[in-house]
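K.L.:
Pasting a structure below so you can have a look.
The values are calculated or read from the model by the stated rules, or taken from the named source; none is laboratory data. Small disclaimer: the values here were computed from a predicted structure and weren't measured. Cβ sites come from the backbone with ideal geometry, for glycine too, and all protein chains shown count toward neighbours.
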Amino acid sequence: MSELWTTRLRLRPFRPGDVPAVHGYAGDPEVVRYMDWGPNELADTEAFVAAAVDPPDGVHPFAVEHSGTLIGAVELRVTAAAHRRGEFGYVLTRSAWGRGYATEAAAAVLAFAFDQVDLHRVAATCDPANAGSRRVLEKIGLTYEGHLRGYLQIRGEKRDRLLFAALRQDQPSRVAEIPPST
């Protein structure tokens with residue numbers, strides 16, 4: 001599996017030893033309040049990390065590190081290979097919020113989806129109350145496409161989702177940014 005780098009982050013494959021760091025955020029009710037999973041028990045986190053260490057085809061989980069410390073995760077899933085469609089999501093430990101890390105990690109995975117996985121369309125959703133996540137999706141160039149009513153069951157409550165997506169042709173060409181060789 002690939003490693004991705006941004007200005008401040010390393011996105012790498014998960015390792016079995018990541019369980020304590022992952023459990024630090026996955027067990028935090030505030031971190032997972034808009035997620036349809038968690039807060040995790042230790043066994044849930046162990047199962048997640050085991051699956052992330054050996055993901056099935058079409059699933060690309062990345063551990064997000066800042067200065068050598070695991071601060072979250074981002075995952076790309078190919079949802080319809082024949083149509084070159086995928087979805088991604090992300091989560092960061094609370095101490096990493098508000099620093100632009102989610103934007104960097106999401107932008108790196110979006111580029112990976114188009115450039116390395118060769119997807120045509122990539123989507124993501126967020127809870128309408130999660131203004132920070134909505135800003136991340138808008139900043140990296142996803143377009144708001146709609147409001148999905150009653151989309152998820154989260155801790156006994158039906159929750160809506162906002163749908164965002166990007167198409168390959170809508171993304172700035174990174175090839176054009178490479179200066180010609182002389």
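K.L.:
Given G146, G150, which one is modelled with pLDDT of 95 or more and under 25 Å from P29 (Cβ atoms)? Full working, then the answer.
P.N.:
Values: G146 fails: under 25 Å from P29 (Cβ atoms).
Within the list G146, G150, the selection yields G150.
K.L.:
Next up: Given (1) assigned to a loop (DSSP other than H, G, I, E, B); (2) in contact (Cβ under 8 Å) with a residue 12 or more places away in the chain; (3) among the aromatic types (F, W, Y), identify the lone condition not met by W37.
P.N.:
Every condition holds for W37 apart from (2).
K.L.:
With respect to E138, determine if the residue is surrounded by 13 or more Cβ atoms within 10 Å (Cβ to Cβ), of a type in the set (D, E) and without any contact (Cβ under 8 Å) to a residue 40 or more places away in the chain.
P.N.:
Numbers: surrounded by 13 or more Cβ atoms within 10 Å (Cβ to Cβ): yes; of a type in the set (D, E): yes; without any contact (Cβ under 8 Å) to a residue 40 or more places away in the chain: yes.
Yes, satisfied.
K.L.:
I would also like to ask the following. So, of the residues in segment 1-32 that are in contact (Cβ under 8 Å) with a residue 60 or more places away in the chain and charged (D, E, K, R), which turns out to be surrounded by the fewest Cβ atoms within 10 Å (Cβ to Cβ)?
P.N.:
Applying the filter and picking the extreme gives E30.
K.L.:
Which members of segment 69-83 meet the condition of being out of contact with any strand residue (DSSP E or B) (no Cβ under 7 Å at 6 or more places or on another chain) and in contact (Cβ under 8 Å) with a residue 40 or more places away in the chain? Outline the logic, then answer.
P.N.:
To start, the set of residues in segment 69-83 that are out of contact with any strand residue (DSSP E or B) (no Cβ under 7 Å at 6 or more places or on another chain) comprises 69, 80-83.
Selection gives T69 alone.
K.L.:
For segment 51-76, enumerate the residues that are crowded, with 16+ Cβ neighbours inside 10 Å, under 15 Å from the mean Cα position of the chain (by Cα) and either more than 17 Å from Y34 (Cβ to Cβ) or among the hydrophobic types (A, V, I, L, M, F, W, C) (or both).
P.N.:
A52, H60, P61, F62, A63, V64, E65, L70, I71, A73, V74, L76 - these are the residues of segment 51-76 that are crowded, with 16+ Cβ neighbours inside 10 Å, under 15 Å from the mean Cα position of the chain (by Cα) and either more than 17 Å from Y34 (Cβ to Cβ) or among the hydrophobic types (A, V, I, L, M, F, W, C) (or both).
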